[in-house]
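The values are calculated or read from the model by the stated rules, or taken from the named source; none is laboratory data. Keep in mind it's a predicted model, so treat the numbers as computed, not measured. Every residue, glycine among them, receives a Cβ derived from its backbone with ideal geometry; neighbour counts consider all protein chains shown. What goes into the accessible areas is simple: the full protein's heavy atoms, side chains included, and nothing from ligands, DNA or RNA. Shrake-Rupley method; radii C 1.70, N 1.55, O 1.52, S 1.80 Å.
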Amino acid sequence: MASEKMLQLLNDQFNRELYSVNLYLSMASYCLSEDLDGFANFYRVQAQEETFHAMKQFDYIHQVEGKVTMQALSQPPAEFSGLTDLFEKTIAHEKEVSRSINELVQQALSESDFATHTFLQWFITEQVEEESTMHTLLKKLKMIGDNQSALYLMNEELGRRTFTAPAA
Amino acid sequence: MFQAGDIVRELHGTGSGTVTRILPGNRVAVLMDGWEMDYALAELVLVNRVAPNKATELPSAPESLGLSEELCLGFSQAPNSEHCDLFVFNNTANSVFIHLLIQPGTPDGRSVFRDLIKPAEKKRIHNFLPPVQGTGEAWCFQVVVLSNGKEEAIPPFQITKRFRPKDYNKYNLPGGEVLWYAMLEPPVIAPVSEQPPQELVTLRPSQVVDLHHDQIIDAATLAIMREEDILRQQVEHFKQQLDRAVVAGMDQITFIHGIGNGTLQQRILDFIHENPYQPTSLTAQPANERIYGQGAVVILIG
């Protein structure tokens, strides 16, 4: 049984992950409106990953005898000034998620809640991967610059991404 | 060897600040994040040497600038130059002690100027990186009024002026140089007290912390953050700054919370009411309305 404070923080994190789903769907929609179906596919898959994260937390909260409280979701941004802006905002968001996961870990350690601490290790690893992926894509975008042919190829590459549930 | 005004940073740390005084025994006083601290020379490295004061070279302010009765801050930028010079015009009848902080209360905050300016005196401080238009970078001017060379028993008068084009007037100087300038409201002069004036050292440092989200969160992060998380970070920043003030033994600290739906202000007041620092007392009272409107609170630390 996790503490009330720990459950509150886990519940906040669960709702934060749901916000991520909306944010990435908003980004996917922006990409489609710009005729970049591959980038849109990338963000749709990203939204599926965030749903997976949320459900993993949903299950854990119940495993430790808590209860999920759904919160009102803030409206994510709908307009972006281009792909670079899109990926910069994605990185900023992932960093924010990493920061909040780290806060959860700190709380778990301060309470000697080793079960939650162990549960959160998966998310720490996942966040390192998420940030790394986004940084790599942003670097590629900057490398491409105004080269439309290269952008076409990157769009094709991202269009091949499919969702596979990460190993638990 | 350092000299007053030099910008320095810690050799084995991340702090940076401005040298304010040379102390005996190969030590210097450095103003860092609003605090004056004592360092050995070997602990510091020079970042930027401030050019010698060339106040006498400064041309008189043109009458059309309307600087006759004001305390005025401005900065000029030569064509094709990345840097600018800061001007301080004191056209009040009092000496003023000016402390210029850029982006106070943020990780990038730094103190860049701290000096006495006599009546009718103008100073020019060279080689600044100018604020970027539209970014809302805060330039905070801490002003202490002096009268007859002795400090009045009044708290430091602080003004935060963000660089927004509409807040500054533009004047073209000869040679293509552009001067941006802004008036500061004349400081309120307290009546001369019959009692002996307080010693300068009795004035302990105070601080103004702007809790507006654009002052503590970068623009890219802010654009994608949930409202709840923005509020959470504002509250965390408030707690960190208050903690620093209590630990440093400050008398008071001012927080600019702005005027929104009142949630941040309420969270601040709730925290003050709970007061985890007992037996040290914390008292919240509205800040000077003339300066901050209704969007700030002063925390008195007892």
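Please average, across the residues of A:87-98, the number of beta carbons from any other chain that are within 10 Å of each residue's own beta carbon, and give a whole number.
4
How many nm separate the modelled label positions at B:E227 and B:S281, each set 7 Å beyond the Cα in the direction of the Cβ?
Going by the 7 Å Cα→Cβ label model, 3.7 nm.
Kindly report, to the nearest 10 Å², the accessible surface of A:K142 as traced by a 1.4 Å probe over protein heavy atoms only.
120 Å²
Under a Cβ-only charge scheme (Lys and Arg +1, Asp and Glu -1), can you give me the dipole magnitude of the stretch B:7-48 about the Cα centre, in debye to the nearest 20?
In debye, rounded to 20, the stretch B:7-48 gives about 120.
So how much accessible area does B:E227 have, in Å² to the nearest 10, using a 1.4 Å probe?
Approximately 140 Å² for this residue.
Determine the total buried accessible area between chain B and chain A, counting protein heavy atoms only with a 1.4 Å probe; round to the nearest 100 Å².
By this definition, chains B and A bury close to 1200 Å².
Measure nothing fancy, just the Cα-based angle from helix A:37-63's long axis to the longest principal axis of chain A, in degrees from 0 to 90, nearest 10.
0 degrees
Under 5 Å between amide hydrogens, which residues at least 5 positions from B:L44 or on another chain qualify, with H placed 1.01 Å from N in the peptide plane?
For B:L44, whose amide H was placed from the backbone, the distant partners under 5 Å are B:L11.
For a quick check of understanding: with a 1.4 angstrom probe and all protein chains in place, what accessible area in square angstrom does A:Y60 have, to the nearest ten?
Approximately 20 Å² for this residue.
Can you give the direction-averaged projected area of the convex hull of the alpha-carbon atoms in chain A, in nm²?
Its Cα hull, projected and averaged over all orientations, spans 9.6 nm².
Using a Förster distance of 56 angstrom, determine the FRET efficiency expected from the C-beta separation of A:T51 and B:Q3, and round it to 0.05.
0.40
Run through the stretch A:100-168 and list the GluC sites (Glu not before Pro) located in a DSSP loop whose Cβ has at most 14 other Cβ atoms within 10 Å.
A:E111
Distance cut-off 20 Å, Cα to Cα: go down the list A:K56/A:K139; A:K67/B:K239; A:K95/A:K139; A:K89/B:K239 and report the pairs above it.
Long pairs (Cα-Cα over 20 Å): A:K56/A:K139; A:K67/B:K239; A:K89/B:K239.
State whether the stretch B:7-48 is rounded, prolate or oblate according to the following rule on the C-alpha gyration tensor (a ≥ b ≥ c being the square roots of its eigenvalues): a/c under 1.5 gives rounded; otherwise a/b larger than b/c gives prolate, and the remaining case gives oblate.
oblate
Using the Cα gyration tensor of the stretch B:204-301, with a ≥ b ≥ c the square roots of its eigenvalues, what is the shape: rounded (a/c below 1.5), prolate (a/b larger than b/c) or oblate (neither)?
Judged from the Cα gyration tensor, the stretch B:204-301 comes out prolate (a/c at least 1.5, a/b above b/c).
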